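Structure, as structure tokens:
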Amino acid sequence: MSLLNIDKLRKRFGETVAVEDVSFNVNPGEFYGLLGPNGAGKTTTISLVCGLLKPDEGSIGVDGTDFWSNPKESHRLMGLVPQDLALYEELTGRENLEFWGKVAGLSRNDAKERATELLESLTLSDRGNDAISKYSGGMKRRINLGCALMHRPKLLLLDEPTVGIDPQARMNILDFIRGLANDGTGILYTTHYLEEAESLCDRIGIIDHGKILAEGTLADLRNQIGHDQLSLCWKESSRALIGLNGLAFKSRFA
């Protein structure tokens, strides 16, 4: 049974359709990538999945249960890592972890123990008592990830978690996330980095203008597209070709 099942989601903001008939599923231990340019509908989709937005149409199933029939239980099963950092700069890394752990329902003692465990796993034990304001961008991203993992979610939602950090910090975060999937966590990962989707994801959904244009493994996508070119209208002027391990995507950039 799928851990996350999305069926024909649709969301409109005024005259703009941000998400249109989006369907996909994520299985336990699967790394599912939602790949597309800025403004394609990735963050809106994540916001619908975690209940920050309510869909106009369609359904969201979490571990076999409709999300909106029991939002509290659905939230218990998932962790969210937003694109914007959800941290308190004046608090220490440990205090941020413990705070979000208690929000997720952990007792005080359990939150302390879990924070210690995650600080070690994220290689931040020596900086856990420093204020977040003293952290580098990569360290903040790691703590942001840790906050979502405090309650050991079965499903992890990651909205471009490596934006704006250096290559080494990015590699550290991606290696850590790979380990979570290997341990059975289902992961929904949005990105506009082609190389991330190629190296990380078991399956990829390509989204633009709120629609899933193609979906599958890299091999599936090659079979679907062949030697043709899938047009991703990222912006509205000049054209460029981007390769994804042998796949050619025609993109338009300003």
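Quick notes on this one:
- Verdict on R203 being basic (K, R), in contact with a strand residue (DSSP E or B) (Cβ under 9 Å, 6 or more places away or on another chain), over 27 Å from D110 (Cβ atoms) and buried (at least 17 other Cβ atoms within 10 Å of the Cβ): yes
- Qualifying positions in region 121-132 - of a type outside the set (A, V, I, L, M) and surrounded by 12 or more Cβ atoms within 10 Å (Cβ to Cβ): S121, T123, S125, R127, G128, D130
- Matching residues in region 63-74 - criterion: being touching a strand residue (DSSP E or B) at 6+ places or on another chain (Cβ under 9 Å) and in a helix (DSSP H, G or I): F67, W68, E73, S74
- Answer residue from region 143-174, given it is more than 15 Å from the chain's Cα centre (by Cα) and assigned to a helix (DSSP H, G or I) and is nearest to N109 (Cα to Cα) among those: I143
- Subset of region 75-102 [in contact with a strand residue (DSSP E or B) (Cβ under 8 Å, 6 or more places away or on another chain) and either within 20 Å of I177 (Cβ to Cβ) or of a type in the set (D, E, K, R) (or both)]: L77, M78, G79, L80, V81, P82, Q83, E89, E90
- Residue in region 51-62 that is in a strand (DSSP E or B), of a type in the set (A, V, I, L, M, F, W, C), touching an Asp or Glu at 6+ places or on another chain (Cβ under 9 Å) and under 26 Å from L194 (Cβ atoms) present: no
- Selection within region 105-115 - buried (at least 19 other Cβ atoms within 10 Å of the Cβ) and either touching a residue at least 60 places away in the same chain (Cβ under 8 Å) or touching a Gly at 6+ places or on another chain (Cβ under 9 Å) (or both): A111, R114, A115
- Every condition in (1) among the charged types (D, E, K, R); (2) part of a helix (DSSP H, G or I); (3) under 16 Å from L145 (Cα atoms) is met by D110 except one, and the failing one is (3).
Here's the yes/no breakdown for (1) of a type in the set (D, E); (2) crowded, with 22+ Cβ neighbours inside 10 Å; (3) modelled with pLDDT of 95 or more:
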position: L4; (1), (2), (3): no, yes, yes
position: K8; (1), (2), (3): no, no, yes
position: T16; (1), (2), (3): no, no, no
position: F24; (1), (2), (3): no, no, yes
position: E30; (1), (2), (3): yes, no, yes
position: L35; (1), (2), (3): no, yes, no
position: N38; (1), (2), (3): no, no, no
position: V49; (1), (2), (3): no, yes, yes
position: D56; (1), (2), (3): yes, no, yes
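- Residues satisfying the stated conditions in region 1-51, i.e. touching a helix residue (DSSP H, G or I) at 6+ places or on another chain (Cβ under 8 Å) and farther than 23 Å from D202 by Cβ: K11, A18, G51
- Every residue from region 115-142 that is acidic (D, E) and in a helix (DSSP H, G or I): E117, E120, D126
- Residues in region 61-102 that are surrounded by 16 or more Cβ atoms within 10 Å (Cβ to Cβ), more than 30 Å from D126 (Cβ to Cβ) and among the β-branched types (V, I, T): V62 alone.
- Scanning region 175-193 for residues that are assigned to a helix (DSSP H, G or I) and either free of Cβ contacts under 8 Å to residues at least 24 places away in the same chain or surrounded by 17 or more Cβ atoms within 10 Å (Cβ to Cβ) (or both) yields D175, I177, G179, L180, A181.
- Per-region count, region 75-95, residues hydrophobic (A, V, I, L, M, F, W, C), outside any strand (DSSP E or B) and within 23 Å of Y189 (Cβ to Cβ): 4
The values are calculated or read from the model by the stated rules, or taken from the named source; none is laboratory data. Remember, predicted model here, so these are calculated numbers, not experimental data. All Cβ positions, even for glycine, are placed from backbone atoms using ideal geometry, and neighbour counts span all protein chains on display.
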